[in-house]
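A.B. asks: Sharing a structure here in structure tokens format.
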Amino acid sequence: MPRTIPLAALVISAILWFTTTVVGATDFSSEVAFSADTVNTAPKGQAVTGKMFVGRDGIRREYTRNGKQVIEITNESKRMAWLLFPQEKTYLEQRAAPPKGTNSAEKDLSNPCAGAPQSVTCNNLGVENVHGRAADKWEIISSHQERTSRVVQWIDKQRHMPIKQEFPGGSSEYHMIGKDMVNDRQTEKWELIQHQDRDQKTSRTLQWYDPKLKLHIREELPGGYVRELKNIQEGSQPVSLFELPRGYQKKEMPALDQGRGNKPRESDRHRDQ
């Protein structure tokens, strides 16, 4: 008889799983709408597949975790994110940060302090050459609870992304190896080298960046893990994909302390049937 997985455990597992398997999750600035299959492969060849939809209204991802279907929706216009569990007809909800202003500084992709809180200050240190690419060098100083940290970033003038960083405890650096065709898409092949000062460890990741979609469509990670987007189909997506469906019951985030046994607290609020 199959073992039943508690919803709380599934929620936590789904959140952790999702945050470690999304391809190119840090850059969805593309205006190109598309759908794609997501494929995440472990070193021994086990593959986990899902679907991704990117549209003007948001992002939707569908995947299976511990035998349960999970859907994550981010609605840009409503500034909301939902994690849905279709088999239980339940969902978690999180409100996104307030929309940034419309001033020119906040639209400046080359400025790491655009839209940042007042506790963060940036100093432009000029333009330098990093592996043959022109990059703006920035010093970023942030303060929190009487502690100050300093990060130095080199932001690629063409791609508007950090291609070199020096931060407390380590550093990271990108360099482009060349161009490559991946899943019928023209991409740039990049190598990311990360160094940790504490244990003197260095790791290498290969990433294939799609300039049109403005995200990585394939990554080869340390340890033999691979994640990628396949069967990419450009085109507008139905607005309904990025809306919270009716008939779902809202749940609060599972409590993990005070001996609650990881049981979620239920809300009496329901979506209209």
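A.B. asks: How large is ³J(HN,Hα), in whole Hz, for each residue of segment 193-205 in order, when computed from phi with the Karplus curve 6.51 cos²θ - 1.76 cosθ + 1.60 and θ = phi - 60°, using x for Gly and Pro?
C.D. replies: 3J(HN,Hα) across segment 193-205, in whole Hz: 10, 10, 10, 10, 5, 4, 10, 6, 8, 10, 10, 10, 10.
A.B. asks: Another question, if that's okay. What number comes out for the charge environment of residue 137, summing +1 per Lys or Arg and -1 per Asp or Glu over other residues with Cβ under 12 Å away? Before the final figure, lay out each step's value.
C.D. replies: Details: positive: 157, 164; negative: 128, 136, 139, 156, 166.
Neighbour charge sum, excluding residue 137 itself: -3.
A.B. asks: Still on this structure: For a distance above 25 Å, tell me the whole-number percent of Cα pairs in segment 116-217 that qualify.
C.D. replies: The proportion of pairs with Cα distances above 25 Å equals 30 percent.
A.B. asks: Can you pull the one-decimal nm distance between simple spin-label points at residue 146 and residue 121, each 7 Å off the Cα toward Cβ?
C.D. replies: 2.0 nm
A.B. asks: When averaged across all projection directions, what area in nm² does the alpha-carbon convex hull of segment 109-155 cover?
C.D. replies: Spelled out: convex hull of the Cα atoms, projected over all directions, averaged, 3.4 nm².
A.B. asks: Determine which lysines satisfy two conditions relative to residue 44: a Cα distance under 25 Å, and not lying fewer than 8 residues away in the same chain.
C.D. replies: Excluding near neighbours in sequence, the set is 68, 189, 201, 230.
A.B. asks: OK, next. Please turn the phi angles of segment 142-150 into ³J(HN,Hα) values with the Karplus equation 6.51 cos²θ - 1.76 cosθ + 1.60 (θ = phi - 60°), one per residue in order, whole Hz, x for glycine and proline.
C.D. replies: 10, 10, 8, 6, 6, 10, 10, 10, 10
A.B. asks: Another question, if that's okay. What order, most packed first, do the peptides 75-83, 142-150 have when packing is the mean number of other Cβ atoms within 10 Å of each residue?
C.D. replies: 75-83, 142-150
A.B. asks: Then there is this: Across every pair of different alpha-carbon atoms, what Kirkwood hydrodynamic radius in Å does segment 197-242 reach? Before the final figure, lay out each step's value.
C.D. replies: Working: mean 1/r = 0.0743 Å⁻¹.
When all Cα pairs of segment 197-242 are included, the Kirkwood radius is 13.5 Å.
Values quoted throughout were computed directly from the atomic coordinates according to the rules given, and no laboratory measurement underlies them. Given the structure is predicted, the values throughout are model-derived calculations rather than measurements. Every residue, glycine as well, gets a Cβ built from its backbone with ideal geometry; the counts of neighbours run over all protein chains shown.
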